[in-house]
């Protein structure tokens, strides 16, 4: 038993401060854990018990945001069924849609678009979910966002357009889709 405690102490001692905060949060917030691990039955049980879906970790990420990062479709579906707010952003201004788009979680992006009509929500750098999808070469997600009405001519605070970002990602399919949609 004491060897197990020693091993855990050594493991934890090697973690950075932010990693320690994440461990603490995951231990403390069962909704975030259940969403992160895509356990919809647990999310549902917690929602019935009126657990908070607006609680955040040290970076301002909610259960919905963590679910979007992981692509936890089933857990997100339950969170949205219980009217979880989709307008909450983390400390960088990134929404659940932003993370889902950048990570290429097509089905999660579709689900979030049904619940959140603010497709062009900017983060603190003026970047949108479409820009993040372009940056990460997520061509199929980018095409979905374009089909749903994302602004293809949006520029961030540095003046870079979505087409500029797509050119840097070297995804020819994405560049063609943006150009076909009128991106400049």
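The numbers here are math on the coordinates, done by the rules we state, and not lab data. Fair warning: this is a prediction, and the values are worked out from it, not measured in the lab. All Cβ positions, even for glycine, are placed from backbone atoms using ideal geometry, and neighbour counts span all protein chains on display.
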Residues 131, 47 arranged by fewest to most Cβ contacts within 10 Å: 47, 131
Fully extended contour minus Cα-Cα distance, from residue 180 to residue 55, at 0.36 nm per residue: 40.9 nm
Packing-based exposure ordering (other Cβ within 10 Å, fewest first) of 110, 147, 122: 147, 110, 122
Order of 88, 32 - criterion: other Cβ atoms within 10 Å of each residue's Cβ, fewest first: 88, 32
Pair residue 38, residue 164: separation of 7 Å Cα→Cβ label points (nm): 3.6
